[in-house]
1. Could you give the size of the charge dipole of segment 319-358 about its Cα centre, using +1 on the Cβ of each K and R and -1 on the Cβ of each D and E, expressed in debye and rounded to the nearest 20?
2. How charged is the neighbourhood of E259? Take every other residue with its Cβ under 13 Å from the Cβ of E259, and add Lys/Arg as +1 and Asp/Glu as -1.
3. So what is the orientation-averaged projected area of segment 275-430, using the convex hull of its C-alpha atoms, in nm²?
4. Carbon and sulfur: what percent of segment 1-125's accessible surface (1.4 Å probe)?
5. Once Lys and Arg get +1 and Asp and Glu get -1 on their Cβ, which of G196, A314, L383 lies farthest toward the positive end of the dipole of the chain?
6. What ranking of F345, F251 comes out by heavy-atom accessible area, probe 1.4 Å, highest first?
7. Bin all alpha-carbon pair distances of segment 180-235 at 10 Å intervals from 0 and give each bin's fraction as a whole percent.
8. Counting only heavy atoms of protein chains, what accessible area per residue, in Å², does segment 218-370 have with a probe of 1.4 Å?
Amino acid sequence: MFGQSPQWVLADGVPIADALVLSHPEQCDRLRAACPEAAPTAVLAGDPCFDRALAARPYRERFRRALGVRAGQRLIVLNSTWNPASFFGDGGAGGDDLLPALLPRLAGEFPVDEYRFAAVLHPNIWHGHGPGQVRAWLDRARRRGLVLIDPLEGWRQALVAADAVVGDHGSVTFYAAALGTPVLLAAAPLHELDPGAPISDFMRVAPRLDPGAPLREQIDRLLEHHRPLPGPAEYTTSVPGEAAVRLRSLFYSMMGAAEPEWAASLEPLPLPGHEPVSVTVPLHVLTRVTRPGEVSVTRWAGSPPSAEYAGGDAHIAVHEDTRDVDGLELADVVFRDGRPDDPRFGSPAVWTAEVLHRHPGCALAAFTVGPSECVVRPRGGRLLGLTSPPEASVDPAAAASALHALLGAGGAGHDVMAERLLALLDDGGFTVRSGARSVRVRVTGPPAG
């Protein structure tokens with residue numbers, strides 16, 4: 001029994017700790033059964049890690065925005081512990097690594113504006129293989145938008161922000177279920193777990209991922225039919241919110257000192273730095289002009305399902321920093337992000353003009369200057385600003401693709417495009433539909449200067 005057997009808690013038959021902190025009476029019972037010599041050291045003091053996550057839940061939207069999750073977007077966290085039977089392992093039988101094998105499919109099954117993916121990998125994975133190797137393995141997925149979460153400082157924040165977790169038998173997946181987050185098990189090696197442990201009960205009843213079936217259908221079904229399982233929340237801690245008080249009382253009693261007069265408290269989970277979406281592989285963009293001034297946009301970081309092409313138009317949008325440099329010559333829309341006063345690009349006006357000159361096949365250049373704003377220049381047209389409401393913004397690069405679709409719908413010539421542009425300016429903008437969301441994008445004339 002990991003952590004409670006004699007080899008973990010005794011040295012020469014004597015407990016190695018004066019106090020062994022446990023979070024639930026069930027753990028005390030198992031300690032008495034596994035190692036009765038250590039049972040007198042058990043102290044029921046809750047779980048400070050879980051208490052910090054509980055306290056952070058009112059600020060969930062801030063954590064989501066920090067991870068680049070927009071309103072209406074779903075954040076899916078991929079979590080793996082560290083042994084061969086884990087999600088990132090090979091199942092213990094020399095097979096393919098499951099998580100790396102699934103990552104390319106995410107690009108072809110999940111539109112980038114409707115889903116955001118983050119990976120939480122156990123610290124032992126980073127330590128065992130080295131950070132460089134882990135990043136190299138996941139490089140293509142990162143260029144498709146996957147964010148790697150710091151394994152020591154960021155995983156709790158990611159769980160608070162998550163809409164769903166695809167994981168295994170590690171503690172992070174159990175914490176996610178305890179928070180009430182929908183969980184899909186990609187690996188569940190029951191033979192490695194204590195049959196009497198709460199996590200074994202959870203593994204037996206939690207829904208399983210079928211790697212051979214469509215992934216998006218499984219995720220959507222999980223979210224639609226989710227009902228929190230009572231076991232993880234019950235057994236993570238029997239005294240939620242009390243860890244700070246109980247631990248401080250324990251520590252001061254062991255020191256033989258009086259506790260301070262002020263209330264015991266835990267450090268709040270820090271808000272992580274902003275992690276903007278960075279998709280640098282060529283994007284396949286499917287558009288449908290549903291009515292005048294309204295366009296549906298779906299972007300894929302891989303080849304989209306063939307059925308998605310029905311009744312719409314397609315174009316390629318490419319970040320200027322792409323490593324797929326041949327894609328720039330095929331791009332209809334070239335975009336980048338940066339500060340408008342960055343001297344390396346001159347200005348958005350200078351950069352957009354340079355891009356259209358350098359890439360003759362490009363029809364529109366877009367310079368993103370903020371989470372909800374970009375400056376665009378259609379070929380042969382004027383410099384424009386596109387802005388969506390900060391509280392319900394659309395990715396500015398997606399708005400640029402929508403404008404490209406509206407201007408060129410039906411193979412319009414230059415004169416027709418000019419008329420459409422004037423109409424958009426008169427109307428004050430257009431509407432972008434992305435998934436179930438509709439966002440109004442304001443169109444303005446050339447920015448000052």
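1. Numbers: 5 positive and 10 negative charges, 32 e Å.
In total the dipole reaches around 160 debye.
2. On the way: positive: R246, R248; negative: E261.
Around E259, the surrounding residues sum to +1.
3. On the way: hull surface 37.6 nm².
Over all viewing directions, segment 275-430 projects a mean Cα-hull area of 9.4 nm².
4. Values: 3030 of 5520 Å².
The C+S portion of the solvent-accessible surface of segment 1-125 is 55 percent.
5. The listed residue farthest towards the positive side: L383.
6. Numbers: F345 35, F251 105 Å².
Reading off the accessible areas and sorting them downward yields F251, F345.
7. Over segment 180-235, the share of Cα pairs per 10 Å bin runs 22, 49, 26, 2 percent.
8. Roughly 55 Å² per residue, with all protein chains present.
The values are calculated or read from the model by the stated rules, or taken from the named source; none is laboratory data. Worth saying up front: this structure is predicted, and the values here are computed from it rather than measured. Reconstructed Cβ throughout: ideal geometry from the backbone, glycine too, with neighbour counts over all protein chains shown. What goes into the accessible areas is simple: the full protein's heavy atoms, side chains included, and nothing from ligands, DNA or RNA. Shrake-Rupley method; radii C 1.70, N 1.55, O 1.52, S 1.80 Å.
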